[in-house]
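> Just dropping this structure here.
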Amino acid sequence: MPATVQKWGNSLGVRIPKAIAEQVKLRNGTPVEVTANGGVITIRAARRRKYTLQKLLAKAKGPNPHGELHKDGPVGRETI
């Protein structure tokens, strides 16, 4: 399917035909990675990393190196 390169601000953009977008499950706002190698441009959906608090905390080792952040009392109208 042919596509046309068009100016978009200071960059260039390519419209992806609907049939191709549906085939690879691209939607408006889908993050993509664009690479070039040997004169070939590749566009692929960016990998989404699925982080959970449990997985991140499981990687934490040892005591909290930051200590207590609020050693002084309130300085304004905040409540602690």
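Computed from the coordinates by the stated procedures, all read-outs in this text should not be read as laboratory data. Only a predicted model underlies this, so the values are computations on that prediction, with no experimental measurement involved. We place every Cβ from the backbone using ideal geometry, glycine too, and count neighbours over all the protein chains shown.
> Using just the helices of the chain, give the 222 nm mean residue ellipticity in deg cm²/dmol: DSSP H runs with n ≥ 4 each add -39,500 (n - 2.57), and the total is spread over all residues, rounded to 500.
-4000 deg cm²/dmol
> Mind counting lysine pairs for me in the chain? Cα separation below 23 Å, and the two need to be 8 or more apart along the chain or on different chains.
4
> Can you give me the distance in nm between label points at Lys61 and Ile41, each placed 7 Å from the Cα along the Cα-to-Cβ direction?
4.4 nm
> Please arrange Arg27, Arg49 by counting, for each residue, the other beta carbons lying within 10 Å of its beta carbon, fewest first.
Fewest to most other Cβ atoms nearby, the residues stand as Arg49, Arg27.
> Between (i) 1.28; (ii) 1.18; (iii) 0.94, which entry matches Rg/Rh (Cα atoms, Kirkwood Rh) as derived from the coordinates of this structure?
Evaluating Rg/Rh (Cα atoms, Kirkwood Rh) on these atoms matches (i).
> When the dipole is taken about the Cα centre of the chain, and only Lys, Arg (+1) and Asp, Glu (-1) are charged at their Cβ, what size is it in debye, to the nearest 20?
Taking the Cα centre of the chain as origin, the dipole is about 380 debye.
> Among Lys25, Lys59, Lys50, which one moves the most in a GNM of the chain with springs linking Cα atoms closer than 10 Å?
Lys59
> Between Glu78 and Ile20, what is the FRET efficiency for a Förster distance of 41 Å, r being their Cβ-Cβ separation, to the nearest 0.05?
Here the calculated transfer efficiency is 0.20.
> Rank the residues Val14, Val75, Val34 as a footprinting-exposure proxy: fewest other Cβ atoms within 10 Å of their Cβ go first. Before the final figure, lay out each step's value.
Numbers: Val14 13, Val75 6, Val34 10.
Result, fewest neighbours first: Val75, Val34, Val14.
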